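The values are calculated or read from the model by the stated rules, or taken from the named source; none is laboratory data. Predicted model, so just to flag it, every value in this text is computed and none were measured. All Cβ positions, even for glycine, are placed from backbone atoms using ideal geometry, and neighbour counts span all protein chains on display.
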Amino acid sequence: MCGIVGFIGSQQAYPILIKGLKRLEYRGYDSAGVAMIENQQFNQYKCKGKVADLESLVKGKDVDGTVGIGHTRWATHGVPNDVNAHPHLSGDGQLALIHNGIIENYATLKEALIEDGHVFKSDTDTEVLVHFIEDIMAKTGSDLFEAVRVALCEVVGAYAIVVMDRRFPDRLVCAKKSSPLVIGIGTEGDYFIASDATPFIEYTKNVVYLEDEEVALIDRHSGLKIVTIQNQQKDPYIQELEMKLEAIEKGGYDSFMLKEIHEQPRSIYDSIRGRLNLNHGMLKMSGIDRHEEIWMNANRIIIVACGTSWHAGLVAEYLFEEFARIPTEVEYASEFRYRDPIIQPGDIVIAISQSGETADTLAAIELAKDKGAFIFGVCNVVGSTISRATHSGAYTHAGPEIGVASTKAFTAQVAVLYLIALSVADKRGTITKERLHRLMAELTSIPDKVEEVLKTNAQVETIAEIYKNHRNALYLGRGYSFPVALEGALKLKEISYIHAEGYPAAEMKHGPIALIDEEMPVFVIATQGHSYEKVVSNIQEVKARKGKIIAIVTAGDKTVSELADHSIEIPKTDDSLVPIVSVIPLQLLSYHVAVMRGCNVDQPRNLAKSVTVE
Ligand code: AGP
């Protein structure tokens, strides 16, 4: 998820682009760049770092031009550095392009272009697209607008792009599919293009939202023209913008955390996109494929992580042992690094980290590496320190997570770890093809199931109202749901400051049951599956001591719903996928309780988004 902005009109473009990029920095902030056209030449500048770094780079330089494009990056392909930053130029230097999204078939396109003599400077999928457009213009003689349309007929993936040709400074071309893109129609022939309206909200409220697979030409003289990539003419539908700036950054939500909770159908989809294709029965995890032998001969997996990432690791322990039949241990990185752990040949260490900068996890990696382990990273931030410290890895592609309390990164981590476990199991022959395909299909259905669960938000808010002033809470789960109980408790603790503990449901009678009375809310993940009956009896144990039961149940469940004080229904899914779906109501619960207690949910006290110190 990156931020893109473009301008063509009567004013100097650069100040508009820079201000716009700062407003879009919540979308990505690891590198930035701008390009303006002046006298048919590009004034192009780009660098690693935040928009402020770009401003210092550009200081005193020529930034003239009344047409220009700007980009703030959230790396997916190619680590954040000056070369991989956008805009990217075509081989002949005539075209400049910015892009938000993922070109899934970029490798295939790149191969063909290299055979045609194209030379690439960066590791990005985006540079391939601008060379592809250049190639079509050269081979067909068509203009930029037509070449972009033709190129996009071949592209697989998500894109919001803006392209310009320095020989034709009166034109900008933009297009979108899946990634957001809005055009602002200003006064005096001014046009704005951006990922959302924040960059130009004070200039105009007249906007056109491009639909998927639409390409637009903005011509200084003839205005706006829209066609589909199948070349059907479309009339621009101009709407009046109602939202305020603040609201747009948060996508209309009151906080980044609530926005990120609601983004999960999309972020889970993005984490499996291009890695799973049911039609072809394809499961591709390149980070695994590249080291197949190591995974085939693996004797043990050790997962190191902290906080919410550790909980995702705990889910992965169940997945690797059930599907790949590899003994797996989950270690708190901070304990692992000082325990002089025993690492043996055939040990694989998986390090999980959203930020990729957590000091304890990094140190655990260095220690394991010194002891000869093969290190596999699962990170969200591309190019982060941890992603560069590992031998191989997989990114979660959840997009930037701004709220300190991790939500969408957790579900994306579990989805990616799920793909890794299935991929390894398939290679080691420890799972039948039939079961593999059934689980791949089930995983593909998860984004829709999460969409379904998000509809319980109002019910969850009502339950939060009842328990907002309680001082303690207990979370219980069994099997795959035990890590979810821990995660639910962590979410409540870190943003509402209520003391909460997660426990394996059966462990309760070995101590915590002493805490149970009418004042103790007990959240239980009680979905129908492997240990359902056991969980039902655990609930009866709590009820017998007058504890209040808030149960997460499978849609249509009768037994637990009758027992519980409140039950929140989630769609049926395989036991192994319940963690991704059942955690959603617990995220929402903690969010609403924190808001009702007047806490700052995006920046809770005493916490930081990335703990880069010991
Ligand atoms: C989770 O909500 C917290 N922000 C925290 O526990 C976090 O998960 C932990 O610090 C690990 O961070 P990482 O995933 O970036 O390594």
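Listing for the model above:
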read-out	value
Single unsatisfied condition, residue 570 versus (1) at negative phi; (2) within 16 Å of the ligand (Cβ to nearest atom)	(2)
All positions within the stretch 105-146 that are polar (S, T, N, Q) and part of a helix (DSSP H, G or I)	108, 126, 140
Where residue 530 falls short, out of the listed (1) modelled with pLDDT under 95; (2) out of contact with any helix residue (DSSP H, G or I) (no Cβ under 6 Å at 6 or more places or on another chain); (3) not small (Gly, Ala, Ser)	(2)
Residue list for the stretch 492-533, filter: more than 35 Å from the chain's Cα centre (by Cα), at negative phi and not aliphatic (A, V, I, L, M)	509, 510, 512, 517, 518, 519, 533
Neighbours by Cβ (under 6 Å, 6+ apart or cross-chain): first from the stretch 154-176, surrounded by 21 or more Cβ atoms within 10 Å (Cβ to Cβ); second of a type in the set (D, E, K, R) and not in a strand (DSSP E or B)	none
When residues of the stretch 559-614 are limited to those that are at pLDDT 95 or above, in contact with a helix residue (DSSP H, G or I) (Cβ under 7 Å, 6 or more places away or on another chain) and of a type in the set (Asp, Glu), the one nearest to residue 548 (Cα to Cα)	575
Lone qualifier among 351, 389 - being of a type in the set (A, V, I, L, M) and either surrounded by 24 or more Cβ atoms within 10 Å (Cβ to Cβ) or within 14 Å of the chain's Cα centre (by Cα) (or both)	351
Members of the stretch 141-183 that are of a type in the set (S, T, N, Q) and in contact with a helix residue (DSSP H, G or I) (Cβ under 7 Å, 6 or more places away or on another chain)	142
Residue selected from the stretch 345-370 under the condition modelled with pLDDT under 95 and under 21 Å from residue 292 (Cα atoms), by the criterion farthest from the ligand (Cβ to nearest atom)	345
Test set (1) over 30 Å from residue 419 (Cβ atoms); (2) touching a helix residue (DSSP H, G or I) at 6+ places or on another chain (Cβ under 8 Å); (3) without any contact (Cβ under 8 Å) to a residue 12 or more places away in the chain - residue 253 fails condition number	(1)
Filtered residues of the stretch 107-151 (kept if more than 21 Å from residue 217 (Cα to Cα), hydroxyl-bearing (Ser, Thr, Tyr) and without any contact (Cβ under 8 Å) to a residue 40 or more places away in the chain)	108
Residue within the stretch 546-553 that is free of Cβ contacts under 8 Å to residues at least 40 places away in the same chain and either surrounded by fewer than 19 Cβ atoms within 10 Å (Cβ to Cβ) or over 30 Å from residue 441 (Cβ atoms) (or both) present	yes
Filter result for residue 387 (within 13 Å of the ligand (Cβ to nearest atom), in a helix (DSSP H, G or I), at pLDDT below 95 and under 22 Å from residue 26 (Cβ atoms))	yes
Members of the stretch 318-335 found to be more than 16 Å from the ligand (Cβ to nearest atom) and either out of contact with any Pro (no Cβ under 9 Å at 6 or more places or on another chain) or within 13 Å of residue 351 (Cα to Cα) (or both), listed by number	319, 322, 323, 324, 325, 326, 327, 328, 329
Number of positions in the stretch 454-474 that are under 19 Å from residue 500 (Cβ atoms) and in a loop (DSSP other than H, G, I, E, B)	4
Only listed residue being under 20 Å from residue 586 (Cα atoms) and surrounded by 21 or more Cβ atoms within 10 Å (Cβ to Cβ), chosen from 473, 425, 421	473
Test: residue in the stretch 238-249 that is touching a strand residue (DSSP E or B) at 6+ places or on another chain (Cβ under 7 Å), more than 16 Å from the ligand (Cβ to nearest atom) and under 30 Å from residue 334 (Cα atoms)	no
Candidates 373, 398, filtered to the one that is away from the ligand (no atom under 14 Å from the Cβ), touching a residue at least 60 places away in the same chain (Cβ under 8 Å) and crowded, with 21+ Cβ neighbours inside 10 Å	373
Cross-chain or 6+ apart pairs with Cβ under 6 Å, the stretch 301-315 first and more than 16 Å from residue 393 (Cα to Cα) and among the aliphatic types (A, V, I, L, M), then more than 8 Å from the ligand (Cβ to nearest atom) and assigned to a helix (DSSP H, G or I)	314/483; 315/414; 315/483; 315/579
Which listed residue is over 20 Å from residue 302 (Cβ atoms) and not in a helix (DSSP H, G or I), from 356, 393, 399	399
Qualifying position, being closer than 23 Å to residue 102 by Cβ and touching a residue at least 24 places away in the same chain (Cβ under 8 Å), among 430, 358, 407	407
Residue ID - surrounded by the most Cβ atoms within 10 Å (Cβ to Cβ), chosen from residues in the stretch 500-545 that are within 13 Å of residue 477 (Cβ to Cβ) and polar (S, T, N, Q)	527
Residue count for the stretch 516-536, restricted to those that are part of a helix (DSSP H, G or I), aliphatic (A, V, I, L, M) and out of contact with any Lys or Arg (no Cβ under 9 Å at 6 or more places or on another chain)	1
Single residue of the stretch 433-444 satisfying the filter (in contact with a helix residue (DSSP H, G or I) (Cβ under 9 Å, 6 or more places away or on another chain) and of a type outside the set (A, V, I, L, M, F, W, C)) that is surrounded by the fewest Cβ atoms within 10 Å (Cβ to Cβ)	433
Residue satisfying all of: in the stretch 214-231; surrounded by fewer than 19 Cβ atoms within 10 Å (Cβ to Cβ), touching a residue at least 12 places away in the same chain (Cβ under 8 Å) and outside any strand (DSSP E or B); nearest to the chain's Cα centre (by Cα) among these	230
